[in-house]
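Working notes for the structure below.
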Amino acid sequence: TPYAAPQPDGKLRVDFLDVGQGDAALITFPNGETMLIDAGGQVDYGTDAESVEDFEPDRARIGEMVVSEFLWQRGLSHIDHIVASHADSDHLQGLIDVTQHFSVGRAYFAAAQGETEESQMLYAILAERGVAAERLTAGEAMTVGGVRVDVLYPAANASPNLAENDRSLVLMLTFGERRVLSTRDLAAEAERLLIESGVQLEADVVKVPHHGSRTSSTAAFVRAVRPRVAVIPVGRRSRFRHPDPQVVERWQAAGAETLTTGSRGTVTFETDGQEIEVSVFLK
């Protein structure tokens, strides 16, 4: 409804949404601008579509029934910035639904991102609506509502042989003295490249790479980040057995409070640049 969107309160807010086995985070900047990083989606389990005669179930997808519903509940009809961190379905697919329900200001993709049928579909929707698809590379930065958004990865000369997860766009949000690190689906190789690049990785809050998979969150990476809070977006019952118990222990040993969306629902981080408040949907 008109004027339903919340008024700016001068705080940086990050909602890590519970989208099951996927990723989605809504950032609300101090000036009220919004940025949606990924929007969940159905994981591709490698099913041969021809064997089921291209059957598509008659039900809403994550991007509509979870992410769009959350945005509507917040009173939003427009998203200022959307970010597709990489081409995996459980991150990008939901953005297709969101762009069909909401107007979008700007759209960003990783410079090293792979291409899929779904990413091509998203490009087509954006083009139809006159929204340019901008490619981001390490070293670039923007300021939104007093929050600095740094692109830490991938580099412009990233190897074309990187696995799709290791092409993930990595962002650091800095507001006052507080920092939030968005890692998406990085695996060990990309973590190593990030550390070797010499960028500052220490953060108050981190989105744990790749849903807490054992292929990510190396000891060196955890030591470099040293967060107060580590958020793990994951399904309540993950068929991939995420998060790996050793990974959870590694973050906890580094002093981080670990929160999983599968057990706590949406995890919300708010800061005025000094104080930090973390809340969960399920106590």
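Taking ALA138, is it touching a helix residue (DSSP H, G or I) at 6+ places or on another chain (Cβ under 8 Å), closer than 21 Å to GLU196 by Cα and either surrounded by fewer than 16 Cβ atoms within 10 Å (Cβ to Cβ) or in contact (Cβ under 8 Å) with a residue 12 or more places away in the chain (or both)? Against the criterion (touching a helix residue (DSSP H, G or I) at 6+ places or on another chain (Cβ under 8 Å), closer than 21 Å to GLU196 by Cα and either surrounded by fewer than 16 Cβ atoms within 10 Å (Cβ to Cβ) or in contact (Cβ under 8 Å) with a residue 12 or more places away in the chain (or both)), ALA138 qualifies.
Okay, residues lined up against (1) hydrophobic (A, V, I, L, M, F, W, C); (2) part of a helix (DSSP H, G or I); (3) crowded, with 17+ Cβ neighbours inside 10 Å:
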position: HIS86; (1), (2), (3): no, no, yes
position: HIS91; (1), (2), (3): no, yes, yes
position: GLY94; (1), (2), (3): no, yes, yes
position: THR99; (1), (2), (3): no, yes, yes
position: VAL104; (1), (2), (3): yes, no, yes
position: TYR108; (1), (2), (3): no, no, yes
position: GLY114; (1), (2), (3): no, no, no
position: MET121; (1), (2), (3): yes, yes, no
position: LEU126; (1), (2), (3): yes, yes, yes
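Scanning region 203-224 for residues that are among the aliphatic types (A, V, I, L, M) and either within 15 Å of SER168 (Cβ to Cβ) or out of contact with any strand residue (DSSP E or B) (no Cβ under 9 Å at 6 or more places or on another chain) (or both) turns up VAL206, VAL208, ALA219, ALA220, ALA224.
Each row is one residue, and each column tells you yes or no for (1) within 18 Å of the chain's Cα centre (by Cα); (2) more than 26 Å from PHE281 (Cβ to Cβ); (3) at pLDDT below 95.
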position: PRO209; (1), (2), (3): yes, no, yes
position: THR218; (1), (2), (3): no, yes, no
position: ARG223; (1), (2), (3): no, yes, no
position: PRO227; (1), (2), (3): yes, no, no
position: GLY235; (1), (2), (3): yes, no, yes
position: ARG239; (1), (2), (3): no, no, yes
position: HIS242; (1), (2), (3): yes, no, yes
position: PRO245; (1), (2), (3): no, no, yes
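The values are calculated or read from the model by the stated rules, or taken from the named source; none is laboratory data. On a predicted model such as this, the values are computed, not experimentally measured, just so you know. Note that each Cβ is placed from the backbone with ideal geometry, even for glycine, and that neighbours are counted across all protein chains shown.
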